Amino acid sequence: MIDSAYQTYVRPELGQLLKALQLDKYYHRGEGAYLFYQKDGQEIPVLDLIGGYGATLFGHNHPDLVSVLQAELTAQRPFLAQGSERREAGLLAEELDKRLAEITGKHYISVFVNSGAEAVEAALKHAELVYQKRLKAFQFEFEQALQLLDQYPVKLTPETEACLSGLGLATTQAALSAFLNQKFKAYFETEPILLALEHGFHGKTTAALQLTHGKEYREPFSRLGVPAFFLEPGQSQGLRETILNWQSEWYLPILGKSGLSLQAKQASRVLALFAEPLQGEGGILSISPEFMQSCRSLASEFKFPLILDEIQSGMGRTGQFLYSQTQAIVADTYLLSKSLGGGLTKMGVALIAKEVYQPEFSLIHSSTFAEDPLSSKVALESLSLLDREEIPRRCAEMGEQLKQGFLALKERFPTVVKQVRGSGLMLGIEFHLITESSSPALNMLAEQGLLGYVLAGWLLHHAQIRVAPTLSNPQTLRLEPCYLLTQEALEKIFKAFERLFQILAEAQIAALTGYLVGADLDFQPLPEKLYSGVSIAAEDEKLPQVTFLGHFIKPEHVPLWDPGLAVFSAQELKLFLDQLWPWVGPQIYTRLKVTSELGTSVILNFMGLCLDSEIMHRHLESRKLAPVQNLVQEAVDIARSKHHQVLGLGGYNSIVTFNATTLLSQELALTTGNALTVAMGIEAMLTAARNKEIELNTARLAVIGAAGNIASIYAECMAGEIAQIALIGRPGSESRLEKTADRIYAEVLRSFASPLPLKGIAASLSSLGVDFAEFLAPVEERGLWRKFTELLGKLAPIQICTDFSALASSELILGASNSPEPVIFPQVLGKGAHIICDISVPMDTSAEVKLQCPNVDVILGGLVQLPLNPDFYVPGIPLEPGYSFACMAETLLMGLEGIQQNYSHGRLHKQQVEQIKKIADKHGFKLGRPRLEASF
């Protein structure tokens, strides 16, 4: 109940992600380095290496800190007593100032807040106040000088006259005044800029977000704050030139003995420079002392504040009270939070140097809950603990052991571990971007930014260790344990990570992801050549590029994509897809070169969705199509960004987008592939009929679902081959069935003008000996079915039915009903030979037909055999090499033919079927065999 309430009412998306990755534990207790949850009535301890994103330096519920908190509550200390002397806050500020004075030689004013992000906001507000006061001082100085210029006639110095002439201005006092006003106004009204570092993270509140480099967090809210420019850490060279980009110049008129001269004034529009000396969410990245010292020097020179965010790295976690001590720099403002509250209270502070602090800030900035005595006393005790327990020293020593242990593992697993970074108990383990692993599923997790979370899930389930990726670098796992870490805990960590690294090194995808589906699989050697046989074509910008978007037809086909998952049962494979699909976007998995019989080639980029037909069908039934439609649109956007010419939709992708009509594609041509699917389906039916020795000139085709677009096109195309057609639809669909019949009759009548021998329905009408002159000049389509039915009665070659009685006497049957249940059963079929072409999703044909009717052959359409690519194979698609589903083949043909407009898009027409069949014949794309495999 707790889990569902959190997911429903607090953070729905995050709650669902945690559940999918099996990270949704409810920790009911925390003590020291451990968190505890209940499982089967047992309390399970979990070693916490996340440490509240760095906030639990002292561990969970440190007894000394708990005692202080309890004492304050027992003493009934007023939590909210604003507008009075907050003595505890004063003592805390005094202690912080003392520590910073020892480090920097400067004194600092504390601005207390409730979180790290609020500390950033407070520092930014103060920087803006300083900037505004400087602007006003400049404005006063300028207006005072300009007032003298406007009041008295003055002589311009030769240099001033030359300056005005060089600008094409008149050398008059009025022209000078206008010029000076223009220059100053340009400076005064230009928006300032914030400077921050790439990979930096400063919080998610409105202003703090503008300083956070990660686009996924910043860009949705980019209009809400002062813009920031992000500097590349470590690139000291060129830093001055970058800052000079925001240097403005204006002129101050100076009246001297020789006349009026101009004094150039320069002022920076940089509001402040924010930096984490040791970046946390960016991946535990240390900034070089040289770069930080350059920042300090330039901030002083151009008179803007250097604000150091030590929210994660401060409070002794890295071995020093401030990590920036190792960089030998002093900030104008320091930001602390997280561990300052002892892991028990919400506490943050912006420590602003007294020499720059603006006294009025204490009057115009306030916070309801800041400066409270409970948080202040806990923070004071936290600072005391740092000294009593020698926590910085212990962090340095334990952190060095941890770091050396991981460096040793890196030596053993160089293809897995890219870097071990950080200082003290703030470490990052970065993994190589595993996008060229032999395991496609492992590649997918890495490419989608999910691998770090899956690794965290594995460690939680198999080793009871809690870790998490850094927010802006999901390839890096953060290790920020408390100072109470023991040698026993270290051994546990190294043993667990050794096993995990071995799994990654050998691409043991089932062992890694088994916990997601309840399969507790251990490491096991993989068979040789498990991942072999699929070649990836090189990117060739000269060849046309097409994309085909597919998905798994059944969960059982997942091992065809990644054989390492073959150890999962069918139910486990289903669960694998159910858990992951909402978090996995479309991705190109395979790139293949396909060559036409004419010698021209095209590159097929196979893009996959990590879901199956059942998931798609569930969304269709529930009419909640937005999630899957959004995935298909995302695929379109990816193909467009790569400048591909065509995107084909396979499986349910065309159904959920209503034959691609919901998609925005602009210059990208779209196709559902339905035209060639119909063409090959018809050819497969005709081939099967010949093999069964069915005489088409006397046979009947029953079309179930004939009111639909695809089925009606089948009927129109088959009308030239077969003697009779029964159009079958649901009650209420008669008018649409009549329109289909009218179109067929109209086409048949037009064929009478052809010199070619009559076939199909035309031959049937001709054999009845009726005078058709009244129908031929001109052919009026509307009402033809009614006229022929009145004229011929039961002999009319096209019949309309709303039941299945016509099936028994129909040698050929097309199933296309869209019924959720089968409609073709043994009892509705005759004893003679039947060919059923079932294109319905789900199938119209009951499984009983195959078991009880040996006289019936069931096919699902026609497969295309490629002319010059016998090894063509897309992992995950259940076809033998050299074959393609017709929808994919149509995509290839559009690329080969250079078709740049939508093809099978929206309603399909007979002419499209005929045209694509001619194009297929031209390039040697032939019917390979009737399709017996589902493509949905």
For region 822-936, which helices (runs of 4 or more DSSP H) that fit wholly inside it have 2 or more residues that are surrounded by 15 or more Cβ atoms within 10 Å (Cβ to Cβ) and in contact with a helix residue (DSSP H, G or I) (Cβ under 8 Å, 6 or more places away or on another chain)?
886-897, 910-923
Cβ-Cβ under 7 Å, sequence separation 6+ or interchain: first residue in region 781-802 and in the same structural domain as Ala707 (by the TED database) and hydroxyl-bearing (Ser, Thr, Tyr), partner assigned to a loop (DSSP other than H, G, I, E, B) and open to solvent by 90 Å² or more (accessible area, probe 1.4 Å). Which pairs?
Thr802/Arg730; Thr802/Pro731
Entirely in region 166-272, the helices (runs of 4 or more DSSP H) that have 3 or more residues that are more than 26 Å from the chain's Cα centre (by Cα), aliphatic (A, V, I, L, M) and assigned by the TED database to the domain that holds Glu118:
239-244
Of (1) surrounded by 15 or more Cβ atoms within 10 Å (Cβ to Cβ); (2) within 45 Å of the chain's Cα centre (by Cα); (3) within 13 Å of Lys377 (Cβ to Cβ), Glu88 satisfies all except one. Which?
(2)
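Each row is one residue, and each column tells you yes or no for (1) open to solvent by less than 10 Å² (accessible area, probe 1.4 Å); (2) outside any helix (DSSP H, G or I); (3) at pLDDT below 95; (4) in contact with a Gly (Cβ under 9 Å, 6 or more places away or on another chain).
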position	(1), (2), (3), (4)
Leu604	yes, yes, no, yes
Val628	yes, no, no, no
Gln633	no, no, no, no
Arg640	no, no, no, no
Leu647	yes, yes, no, no
Leu663	no, yes, no, no
Gln666	no, yes, yes, no
Determine if region 430-444 includes at least one residue that is over 22 Å from Trp581 (Cα atoms), out of contact with any strand residue (DSSP E or B) (no Cβ under 7 Å at 6 or more places or on another chain), modelled with pLDDT of 95 or more and surrounded by fewer than 23 Cβ atoms within 10 Å (Cβ to Cβ).
no
Of Lys418, Lys403, the only residue that is among the basic types (Lys, Arg) and touching a residue at least 40 places away in the same chain (Cβ under 8 Å) is Lys418
Of the conditions (1) in contact with a helix residue (DSSP H, G or I) (Cβ under 7 Å, 6 or more places away or on another chain); (2) at pLDDT 90 or above, Phe142 satisfies every one except a single condition; which number is it?
(2)
So the helices (runs of 4 or more DSSP H) completely within region 366-451 holding 1 or more residues that are closer than 30 Å to His126 by Cα and either touching a Cys at 6+ places or on another chain (Cβ under 8 Å) or not hydroxyl-bearing (Ser, Thr, Tyr) (or both) are 373-388
Looking only at residues in region 799-821 that are assigned to a loop (DSSP other than H, G, I, E, B), crowded, with 18+ Cβ neighbours inside 10 Å and in contact with a helix residue (DSSP H, G or I) (Cβ under 8 Å, 6 or more places away or on another chain), which one is modelled with the lowest pLDDT?
Ala816
For Thr698, which of the numbered conditions (1) surrounded by fewer than 20 Cβ atoms within 10 Å (Cβ to Cβ); (2) assigned to a helix (DSSP H, G or I) fails to hold?
(2)
Qualifying residue in region 257-274 (condition: without any contact (Cβ under 8 Å) to a residue 60 or more places away in the chain, among the aliphatic types (A, V, I, L, M) and open to solvent by 10 Å² or more (accessible area, probe 1.4 Å)):
yes
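So, Glu411, is that one over 13 Å from Arg317 (Cβ atoms), of a type outside the set (Lys, Arg) and modelled with pLDDT of 95 or more or not?
Working: over 13 Å from Arg317 (Cβ atoms): yes; of a type outside the set (Lys, Arg): yes; modelled with pLDDT of 95 or more: yes.
Answer is yes for this residue.
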Scan region 322-353 residue by residue and report those that are in a loop (DSSP other than H, G, I, E, B) and touching a strand residue (DSSP E or B) at 6+ places or on another chain (Cβ under 6 Å).
Ala331, Asp332, Ser337
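I want to confirm something. Restricting to region 401-423 and keeping residues that are open to solvent by less than 10 Å² (accessible area, probe 1.4 Å) and closer than 26 Å to Gln320 by Cβ, which single residue is farthest from the chain's Cα centre (by Cα)? Before you say what the answer is, go through the steps one by one.
We begin by selecting, within region 401-423, every residue open to solvent by less than 10 Å² (accessible area, probe 1.4 Å); these are 402, 406, 416-417.
Subsequent filtering for residues that are closer than 26 Å to Gln320 by Cβ retains 402, 406.
Working: Leu402: 33, Phe406: 30 Å.
Checking each candidate, the answer is Leu402.
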Looking for whichever is under 26 Å from Ala688 (Cα atoms) and of a type in the set (Ser, Thr, Tyr) here; the options are Ser766, Ser840. Which one fits?
Ser840
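The values are calculated or read from the model by the stated rules, or taken from the named source; none is laboratory data. Note that the structure is a prediction, hence the values are computed from the model and not measured. Using ideal geometry, Cβ is built from the backbone for each residue, glycine included, and neighbour counts are taken over all protein chains shown. These accessible areas exclude ligands, DNA and RNA; they are computed on the full protein's heavy atoms, side chains included. Shrake-Rupley method; radii C 1.70, N 1.55, O 1.52, S 1.80 Å.
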